[in-house]
Amino acid sequence: MDGERFLQPPTYGDLITVLSIDGGGIRGIIPGIILDFLESELQKLDGEEARIADYFDVIAGTSTGGIVTAMLTAPNKENRPLFAAKDIKAFYLDHCPKIFPQESNPFAHATKIMKTITGPKYDGKYLHSIIREKLGDTLLHQTLTNVVIPTFDIKRLQPTVFSSYEVKKNECLDAMLSDICISTSAAPTYLPAHSFQTKDSSGKVRDFQLIDGGVAANNPTLVAMGEVTKEITKGNSDFYPIKPTDYARFLVVSLGTGSAKAEEKYSAEDAAKWGLLGWLTNGGSTPLVDIFTQASSDVVDFHIATIFRSLQSEHNYLRIQDDTLGGIVSSVDIATEENLKDLVEVGEKLLKKPVSRVNLEDGVFEPCLEITNEEALVRLARTLSKEKRLRDIRSPHTPSKAKEKAKAKEKANAK
């Protein structure tokens, strides 16, 4: 059965709402904290049953962000989101130590290097089992709102994007969410590549040979906006009468997973001495992976910020990211109890920091608004709630009780 959409389409509203979540391994707990705060603000406005998926037209996620996307949008037995945002933190705290088991012997570092040379650091068996246990046989088309999850097909050497929009035209993309999540999180050197097949109604088989979507789009915001823009161009009635170039109608929230502070990043002096091993493992990290994922995230952020600024609608784009992580807290896989708790603290402190934007001249995040991320999310919750009410009132498909409730709330707010 298709997942029931609890948000009427953009054609009945003023905005197109997009949520994007970066990749970053165990650091996915950071956007989890941010989403918990946002959902709690939405619940203050619209009741305890309010969920993130009820307010966004599309949720995009890469790697660990893809797993969070599935958690927020996969239906449970009552056809409501499988996880509330508050459950994300507990999921990471409970399962990351088993997904990324840590060696405790005196030769742990040497063991990690050997694993990196001879195969992935982790076999992925626990990750695969817990994802299949939680997501079951849920298919892409059954999510409760539209999702976009990038992967990369190493056989075709090109990105494969699992999109709720594309699956309507290409049945072979209607894979199980579990296979999609395992694929998008298969980071090179960390976790094994994943292969599976799908079959459409005519019997045509599609073979997928996939790795982490972060090699193509660690920050999937542009991919999500591109999917929506294609639908607008094709005349999808959900977006009428929006124009393909009407980017001012987008309301975009992009959540990063943090990055190392400047003094702990790499230098050309050091990199000039690296061979293959140096690029694959350095002080417990993997420079090659860190570089291409961070480059993707920052360039996308800069590009989108520039677009919204040129359209004089900068307030419609919110990027929340922390570039001050130090030591092992910046790792993607050191899943000790202490480090995971430190990441929770990073997320909580990030709420109190000013809204910032990356400066590509020096790679440093700089304050761009005189409000904190927490204050921006409170403002965002009000906007999302208002947009949802507006669509409920305008749409002829809204159940009468829901329509009357939306009208009453709108009237009360007007007073």
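Quick one: pull the percent of accessible area on the range 205-335 belonging to carbon and sulfur, 1.4 Å probe, ligands and nucleic acids left out.
Values: 3350 of 5640 Å².
Result for the range 205-335: 59 percent of the exposed heavy-atom area is carbon or sulfur.
Bridging of residue 352 to aspartates and glutamates at a Cα separation below 15 Å is possible for 36, 322, 323, 366, 370, 374, 375, once same-chain residues fewer than 8 apart are set aside. In this structure residue 313 has an accessible area near 10 Å², from a 1.4 Å probe over the protein heavy atoms. For residue 259, the residues whose amide H sits under 5 Å from its own are 322, 323, 324, 325, ignoring neighbours fewer than 5 places away on the same chain, with H placed 1.01 Å from N.
Dipole magnitude for the range 269-415: computed about the Cα centre from +1 point charges on Lys and Arg Cβ and -1 point charges on Asp and Glu Cβ, it is near 1880 debye. Within a straight-line Cα-Cα reach of under 19 Å, residue 401 can be paired with the following aspartates and glutamates, leaving aside sequence neighbours fewer than 8 residues apart in one chain: 4, 46, 48, 49, 54, 387, 392, 410. The helix-based estimate of mean residue ellipticity at 222 nm for the chain, built from -39,500 (n - 2.57) per DSSP H run of four or more residues and divided by its residue count, is -13000 deg cm²/dmol to the nearest 500.
The charge dipole of the chain, taken about the Cα centre with unit charges on the Cβ atoms of Lys, Arg (+1) and Asp, Glu (-1), comes to about 1220 debye, rounded to the nearest 20. Spread over its residues, the convex hull of the C-alpha atoms of the range 245-318 is 118 Å³ per residue.
Helix 108-118 against the longest principal axis of the chain: what's the angle in degrees, Cα atoms only, rounded to the nearest 10? Roughly 80 degrees, rounded to the nearest 10.
Please identify the GluC sites (Glu not before Pro) of the range 339-414 that satisfy two criteria: DSSP loop assignment and at most 11 other Cβ atoms within 10 Å. Which are they? Mind showing how you got there, number by number?
On the way: sites: 345, 348, 361, 370, 374, 375, 387, 404, 410; in loops: 361.
Within the range 339-414, the qualifying GluC sites (Glu not before Pro) (loop, at most 11 other Cβ atoms within 10 Å) are 361.
What's the FRET efficiency of residue 87 with residue 364 using the Cβ-Cβ distance as r and R₀ = 41 Å, to the nearest 0.05?
Working: r = 34 Å, r/R0 = 0.82.
So, using R0 = 41 Å, E works out to roughly 0.75.
In this simple spin-label model, placing a label point 7 Å from the Cα along the Cα-to-Cβ direction at both residue 328 and residue 44 gives a separation of 3.6 nm.
Within a Cβ distance under 10 Å of residue 209, other residues only, what is the Lys/Arg minus Asp/Glu net charge? Present the calculation step by step, with values, prior to reporting the outcome.
Values: positive: 155, 156; negative: 153, 207.
Charge balance in the 10 Å sphere: 0.
Database remark: amide H of residue 85 closer than 5 angstrom to the amide H of 52 (H placed geometrically; neighbours at sequence offset of 5 or more, or on other chains; Pro and chain starts carry no H). Summarising the amide proton neighbourhood of residue 16: residues at separation of 5 or more, or on other chains, whose placed amide H is nearer than 5 Å comprise 250, 251.
In this model, which of 77/168; 77/134; 77/169 are farther than 19 Å apart at the alpha-carbon? Pairs exceeding 19 Å: 77/168; 77/169.
List the trypsin sites (Lys or Arg not before Pro) in the range 250-303 that DSSP assigns to loop (not H, G, I, E or B) and whose Cβ has at most 12 other Cβ atoms within 10 Å. Which are they? Write out the running numbers ahead of the final one.
Details: sites: 261, 265, 273; in loops: 261, 265, 273.
Those satisfying the criteria are 273.
Along the charge dipole of the chain, which of 372, 144, 221 sits closest to the positive end, that is, farthest toward it, with unit charges on the beta carbon of Lys, Arg, Asp and Glu (+1, +1, -1, -1)? In the chain, that residue is 144.
Determine the relative contact order of the chain: mean sequence separation of Cα pairs under 8 Å and six or more apart, normalised by residue count, in whole percent. Walk me through the numbers on the way to the answer.
On the way: 781 pairs, mean separation 94.2, N = 415.
Normalised by residue count, the contact order of the chain is 23 percent.
Could you state the accessible area per residue of the chain in Å², with a 1.4 Å probe and every protein chain left in place?
I get 45 Å² per residue for this part.
Solvent exposure of residue 51, expressed as accessible area, is near 40 Å², computed with a probe of 1.4 Å over the protein chains only.
The values are calculated or read from the model by the stated rules, or taken from the named source; none is laboratory data. Note that the structure is a prediction, hence the values are computed from the model and not measured. Neighbour counts run over all protein chains shown; Cβ positions are idealised from the backbone, glycine included. Ligands, DNA and RNA are stripped out before the accessible areas are found, and what is left, the full protein with its side chains, is counted by its heavy atoms. Shrake-Rupley method; radii C 1.70, N 1.55, O 1.52, S 1.80 Å.
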